[in-house]
Amino acid sequence: MIDNLNKAYESFKEEISDLAVMPDVLNLKSTYLGKKGKISEILKSLKDATPEQRKEIGPVANKIKNDIQDIIAKKLSEIELKEINEKLAKNKIDITYTDSLKASNQKHGGLHPRTLIRQEIEDIFLSMGFEVLDGPHIETEYYNFEALNIPGDHPARDMQDTFWFKDEKSEEGNKHLLRTHTSTIQVRGMQSRKPPFRFIAPGTVFRCERTDASHEMVFQQLEGMMVGKDISVANLIYFMRQTLKEIFKKDVKVRLRPGYFPFVEPGFELDIECQVCKGKGCSVCKQVGWVELLPCGMVHPNVLRAGGIDPDEYNGFAFGLGLDRLVMMKYGIEDIRHLQSGDLRFNSQFKEY
Ligand code: FA5
């Protein structure tokens, strides 16, 4: 029997050396090691052997079985490696910028003008020691209105037509809405830091209003806030001036006039001379030559309290820049709706990556 086992082992080695694909190797495995395989067939006559013969045959049979298993495993991994190498050689990608790529005249994507301006403003404020914060689009009535000194029956709620969610209540029993301004981040920002601090918070806001050349339903604002001791309107005007100077790289005419927002006192409206018509009057500025760009003011004591800050010890300023309007003024865009149109003729006019 040992002779037969050795013969079978030799013929196995010969057969496997010719094989090159996995299914053939697996077939050979069952031909030799399967239930009805050659080795099993030989071992069937083990039942007729004497105990001494069995003692002798057993270890030889086990070794041959193990050797066959090892040879099969080695062969399978050799074939796998060969197949992977063949695939890699076939699917080679030229990652260098070749002439063939140039010839295909591929166009590069570009950053949206709003992103370009937002990144520029973020850099300006980071260099002046501000943090950049983010906040949720879906907000509670509390952060959008109440914490900002606008209780439920306050007429100022009508200033920002709101998209409400039906039947949704937050943990505090507040209704949910799509935030109408980035001022929501004022109280969120104050609650998680101790004065003195300064931050900006750019983001998308939503208002249920009719669109025209200077109004969208979904647009972007950039909130700013600085809280500390003895902050003044002069500080506020300095940061506003500095930002506009760096964005426009030239002096642009601005005017500051009183403005009413329940969360600031005093409040101001900073208007910019319309850069589309250079102050002559057009559909963007509604023929007045000025565009509302940057409402701002000194933070109301009630809002500081909502943020956990003692208004007798600290004060601060806040502003809410209309990012889309700023983009329009910077590039002379005559209709805000171009920004969200996705029209490549519009988008491709701005800087490429
Ligand atoms: C506010 O949203 C206040 N939260 C701003 C603020 C912050 C005031 C901090 C004081 C202190 P207002 O609704 O005016 O204010 O919007 C701010 C700016 O967003 C506007 O000046 C304008 O530039 C822009 N804006 C407002 N409505 C639209 C709209 N529908 N489409 C495009 N831009 C808009």
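The values are calculated or read from the model by the stated rules, or taken from the named source; none is laboratory data. Keep in mind it's a predicted model, so treat the numbers as computed, not measured. Please note: Cβ atoms are built from the backbone with ideal geometry, for glycine as well, and neighbour counts cover all protein chains shown. Heads up: the accessible areas ignore ligands, DNA and RNA and are worked out on the full protein's heavy atoms, side chains in. Shrake-Rupley method; radii C 1.70, N 1.55, O 1.52, S 1.80 Å.
Side notes on the structure shown:
- Here the spin labels are modelled as points 7 Å beyond Cα on the Cα-Cβ line, and at residue 86 and residue 204 they lie 4.9 nm apart.
- Note on residue 166: aspartates and glutamates with a C-alpha under 20 Å away, same-chain residues under 8 apart excluded, are 139, 141, 146, 153, 158, 209.
- Cys residues of the chain counted as unpaired, since no other Cys beta-carbon is under 4.7 Å: 208, 296
- Rounded to 10°, Cα long-axis angle of helix 2-17 versus longest principal axis of the chain: 40 degrees
- Extending 7 Å from Cα along the Cβ direction at residue 305 and again at residue 48 yields two label points whose distance is 10.6 nm.
- Spin-label pair residue 6/residue 161, simplified geometry with 7 Å Cα→Cβ offset, distance in nm: 9.8 nm
- Each Cα pair under 8 Å and six or more residues apart adds its separation to the average, and for the chain the resulting relative contact order is 16 percent.
- For segment 16-55, the dipole from Cβ point charges (+1 on Lys and Arg, -1 on Asp and Glu) about the Cα centre works out to 260 debye, to the nearest 20.
- Solvent-accessible ranking of 87, 229, largest area first, probe 1.4 Å: 87, 229
- When the listed pairs 29/87; 29/55; 175/245; 245/286 are checked against a 29 Å cut-off, the alpha-carbon distance exceeds it for 175/245.
- Between helix 22-33 and the chain: long-axis angle, C-alpha atoms, 0 to 90°, nearest 10: 40 degrees
- The amide H of residue 282, built 1.01 Å from its N in the peptide plane, has 287, 288, 289 as neighbours under 5 Å, considering only residues 5 or more places off or on other chains.
- For the chain, the antiparallel share of DSSP beta bridges with both residues in that region comes to about 95%.
- Shown in residue order for segment 297-308 are the 3J(HN,Hα) couplings computed by the Karplus curve 6.51 cos²θ - 1.76 cosθ + 1.60 at θ = phi - 60°: x, 8, 4, 5, x, 4, 6, 4, 4, 4, x, x Hz (x for Gly and Pro).
- For the chain: rounded, prolate or oblate by the Cα gyration tensor [a/c cutoff 1.5]: prolate
- Residue-wise HN-Hα couplings along segment 121-130, as the Karplus relation 6.51 cos²θ - 1.76 cosθ + 1.60 with θ = phi - 60° gives them from phi, are 5, 4, 4, 4, 6, 4, 5, 9, x, 8 Hz; Gly and Pro carry x.
- Residues of segment 110-143 with amide N under 14 Å of the 7 Å Cα→Cβ point at residue 193: 125-135
- Dipole of segment 113-350 computed with +1 at Lys/Arg Cβ and -1 at Asp/Glu Cβ about the Cα centre; of 137, 242, 200, farthest Cα towards the positive end is 242.
- Segment 296-353: trypsin sites (Lys or Arg not before Pro) falling in loop per DSSP and having at most 13 other Cβ within 10 Å: 351
- Length-normalised contact order for segment 2-90 - Cα pairs under 8 Å, 6+ apart - percent: 38 percent
- Placing +1 on the Cβ of every Lys and Arg and -1 on the Cβ of every Asp and Glu, with no other charges, gives the chain a dipole of roughly 780 debye about its Cα centre.
- Given their separation in residues at 0.36 nm each and the Cα-Cα distance between them, residue 283 and residue 30 gain 82.8 nm when the chain is fully extended.
- In Å², nearest 10: area of residue 226 left accessible to a 1.4 Å probe: 20 Å²
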